[in-house]
1. Using +1 at the Cβ of each Lys and Arg and -1 at the Cβ of each Asp and Glu in the chain, identify which of Pro52, Phe170, Gly301 lies farthest towards the dipole's positive end.
2. On a straight-distance basis, which lysines could pair with Lys208 in a cross-link, Cα separation under 25 angstrom, same-chain partners fewer than 8 positions away excluded?
3. Quick one: net charge around Ile143, please, counting Lys, Arg +1 and Asp, Glu -1 for every other residue with C-beta under 13 Å from its C-beta.
4. Which net charge results when you count Lys and Arg as +1 and Asp and Glu as -1 among the other residues whose beta-carbon is under 15 Å from that of Gly263?
5. Output wanted: per-residue J couplings in Hz (rounded whole) for region 248-257, from phi through Karplus 6.51 cos²θ - 1.76 cosθ + 1.60, θ = phi - 60°, x for Gly and Pro.
6. At a Cα cut-off below 13 Å, give the aspartates and glutamates reachable from Lys49, other chains included and same-chain residues fewer than 8 away excluded.
7. Return the single residue from Pro85, Pro13, Pro178 with maximal mean-square fluctuation; model: Gaussian network over the chain, springs between Cα atoms under 10 Å.
8. So, counting K/R as plus one and D/E as minus one, what does the shell of residues with Cβ under 14 Å around Leu243 add up to?
Amino acid sequence: MTRLFEEYRQFIPDFDFFLESLRTPLPNHLRVNRLKTCPASVIAMLQAKGIPMRPAGVGDDTLYEAPRALLPGKLLEYFLGYIHPQALTSCMASLVLAPRPNSLVLDLCAAPGGKTSHLAQLMANTGIIVANELHLRRHAPLIHTLSRLGVLNAVLTAYPAQEFPLRESFDFIMADVPCSGEGRWRFSREPYAAEESKYRIAMAEAQKRMILRGFDLLKKQGIMVYSTCTYSPTENESVLDFLLKHRDAELVSFDNVPGMEQGISQWRKETYDGRVRGAGRFYPHRIDSVGFFMAKIRRRG
Ligand SMILES: C[S@@+](CC[C@H](N)C(=O)[O-])C[C@H]1O[C@@H](n2cnc3c(N)ncnc32)[C@H](O)[C@@H]1O
């Protein structure tokens, strides 16, 4: 695994600490679901069972770190929909998108519903979220997440994100696209694709079509978050650069997120639009979670 990432030494700061962090398992982060309860009650319930919850330290009072050995899916609080196990960086994406209550939201690639349910929480179950997921086999886990967590403002669709119908325009769009998933390769997870594979190239082509369609679905002044859980610039800045070349898009800064590094504007023989530096990269030695990338994009009006 470390050999696979060696090429990233040129842009990941403190690269040896990065490699070291990959040898530790992912932490157990939990989101308290405000649609059903409040942080103080959940913490008290878990403490009564001898389960300590530490604030995740990112300035949001619904995010906590539980002991690594805990299996949250076995807790009554999980079945009641009071908590949702979710990577900290995944939660940051919904916080950065920050959808307003009563707005019209599209989640382009929704299953298993971690971000959809978080968006519903931030909107206090108002407005409408169109939760789109291409693969029907993933609709069961998506519906399970939404119903367990008491989400009442979502409707489901099953279009390819890159061909989502241009009938409606949205105030906010979450484009958490399928990716090679390098950010999850920690401890026992092994990589399943090499950087140069055809699979990776096809993935980046699909991501470019998805970011373009997402942008075209925005209202004027609408906001989109493009995110992946991978380090590869081919799936991140290169895709963002493609959008900036083809559309009148603006990058919105969000530098209040802890542990964030800026996007990179050069990779191999490519030089990207300098604005891609306004995107955020998240590494496990900076924020102990799944490696992540996100960009906040506004459609000019
Ligand atoms: C990174 S996951 C989304 C995770 C989800 N946003 C969450 O937070 O729980 C990407 C999802 O996109 C779905 N997907 C793959 N290709 C797609 C496509 N062309 N259009 C829409 N969804 C697609 C995958 O099945 C997968 O569920």
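All of the numbers you see were taken from the coordinates with simple rules; none came from a lab. The structure presented is a predicted model; accordingly, all values stated were derived computationally and were not measured. A quick note on method: Cβ atoms are made from the backbone with ideal geometry, for glycine too, and the neighbour counts reach across all protein chains shown.
1. The listed residue farthest towards the positive side: Phe170.
2. Lys115, Lys198, Lys219, Lys220, Lys245, Lys269, Lys296
3. So the surrounding residues net to +2.
4. With Lys, Arg at +1 and Asp, Glu at -1, the net is -3.
5. So the Karplus estimates, Gly and Pro as x, are 8, 9, 10, 8, 9, 7, 8, 6, 8, 8 Hz.
6. Output for Lys49: Glu77.
7. Of Pro85, Pro13, Pro178, the most mobile in the Gaussian network model is Pro13.
8. For residues surrounding Leu243, the net value is +2.
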